[in-house]
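The values are calculated or read from the model by the stated rules, or taken from the named source; none is laboratory data. From a predicted model like this one, the values you see are computed outputs, not experimental measurements. Methodologically, a virtual Cβ is constructed for each residue, glycine included, from the backbone with ideal geometry; neighbour enumeration extends over all protein chains shown.
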């Protein structure tokens, strides 16, 4: 496997293993990212608690190969962060599923007013909704007529990494556009240039560089890519076979109709 690895290639933080590794190994970087995306003050994330394992799974043999990052803030807010660069039509359903699982956090005997706020943050390398090029979006349950928010405890955030040129003034003030560029950077020089003068971004860069020098993790990323390619090939083959079966079914129906018509004549 090691022979397949390009030692000159720099793996960016858009790679699932890299994203997971950087933000589970470096708490300063994680706190800075959360503070930026959620527009929080520094004191709001000082006591951030990481719930995800700091070691990503190195095998990709099924759908359990999930590389999300889960944290809790000092006000008990649960936050789930996930990177997804391959186009995924099921992302709305998938992110809602994650959000609902985390929102259902009451223990037996607790009252419903004790449920803690839950936020799912998705960093996407594709356009989620056709012709919607907004950089950073926030979704809540609300009235469809006047947008009155039903609850502040249930939130989905989507950051479309390749739409950073559409960042608002608030996005730029909190540096979300810089994080997007940092994730997409594919060289050490580019990382250092983007992260200069920002402590949390510099910490992310430092960890990303160390991970790129870890051959076991580099092999894990190769295995992940090979697994994804295999799954995509199988899915394409299944789609083609389904289309062929549907076509044959239509042909059979047509022939049956012709036969019935011939019998009547």
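Considering the conditions (1) at pLDDT 85 or above; (2) out of contact with any strand residue (DSSP E or B) (no Cβ under 8 Å at 6 or more places or on another chain); (3) in a loop (DSSP other than H, G, I, E, B), residue 11 is excluded by exactly one of them, (1). Let me confirm something: among 152, 146, which residue is over 24 Å from residue 51 (Cβ atoms) and in the same structural domain as residue 21 (by TED's automatic domain parsing)? Only one candidate qualifies: 146. Residues that are at positive phi and in the same structural domain as residue 41 (by TED's automatic domain parsing) occur in region 161-177; there is at least one.
Across region 59-92, what is the number of residues that are assigned to a helix (DSSP H, G or I) and either in contact with a strand residue (DSSP E or B) (Cβ under 7 Å, 6 or more places away or on another chain) or modelled with pLDDT under 85 (or both)?
As a first pass, look at region 59-92 and keep what is assigned to a helix (DSSP H, G or I): 91-92.
Filter once more, so that each one left must be either in contact with a strand residue (DSSP E or B) (Cβ under 7 Å, 6 or more places away or on another chain) or modelled with pLDDT under 85 (or both): 91.
Within region 59-92, residues that are assigned to a helix (DSSP H, G or I) and either in contact with a strand residue (DSSP E or B) (Cβ under 7 Å, 6 or more places away or on another chain) or modelled with pLDDT under 85 (or both) number 1.
Regarding region 127-143, can at least one residue be identified that is modelled with pLDDT of 90 or more, in a loop (DSSP other than H, G, I, E, B) and out of contact with any strand residue (DSSP E or B) (no Cβ under 9 Å at 6 or more places or on another chain)? Taking every residue of region 127-143 in turn, none turns out to be modelled with pLDDT of 90 or more, in a loop (DSSP other than H, G, I, E, B) and out of contact with any strand residue (DSSP E or B) (no Cβ under 9 Å at 6 or more places or on another chain). Could you look through region 162-179, keep only residues that are closer than 23 Å to residue 118 by Cβ and in contact with a helix residue (DSSP H, G or I) (Cβ under 7 Å, 6 or more places away or on another chain), and pick out the one that is surrounded by the most Cβ atoms within 10 Å (Cβ to Cβ)? The residue in question is 179.
For residue 199, are the conditions met, namely being surrounded by fewer than 17 Cβ atoms within 10 Å (Cβ to Cβ) and either out of contact with any strand residue (DSSP E or B) (no Cβ under 8 Å at 6 or more places or on another chain) or on the phi < 0 side of the Ramachandran plot (or both)? Yes. The sole residue among 232, 254 that is outside the structural domain of residue 120 (by TED's automatic domain parsing) and at pLDDT below 85 is 232. The sole residue among 162, 134 that is under 15 Å from the mean Cα position of the chain (by Cα) and free of Cβ contacts under 8 Å to residues at least 60 places away in the same chain is 162. Yes or no: residue 88 under 15 Å from the mean Cα position of the chain (by Cα), farther than 18 Å from residue 37 by Cβ and assigned by TED's automatic domain parsing to the domain that holds residue 20? Spelling it out, residue 88 is indeed under 15 Å from the mean Cα position of the chain (by Cα), farther than 18 Å from residue 37 by Cβ and assigned by TED's automatic domain parsing to the domain that holds residue 20. Flag: residue 159 matches the condition of being crowded, with 20+ Cβ neighbours inside 10 Å and either within 21 Å of residue 88 (Cβ to Cβ) or at pLDDT below 90 (or both). Among the conditions (1) without any contact (Cβ under 8 Å) to a residue 40 or more places away in the chain; (2) surrounded by 12 or more Cβ atoms within 10 Å (Cβ to Cβ); (3) touching a helix residue (DSSP H, G or I) at 6+ places or on another chain (Cβ under 9 Å), residue 140 misses just one, which is (3).
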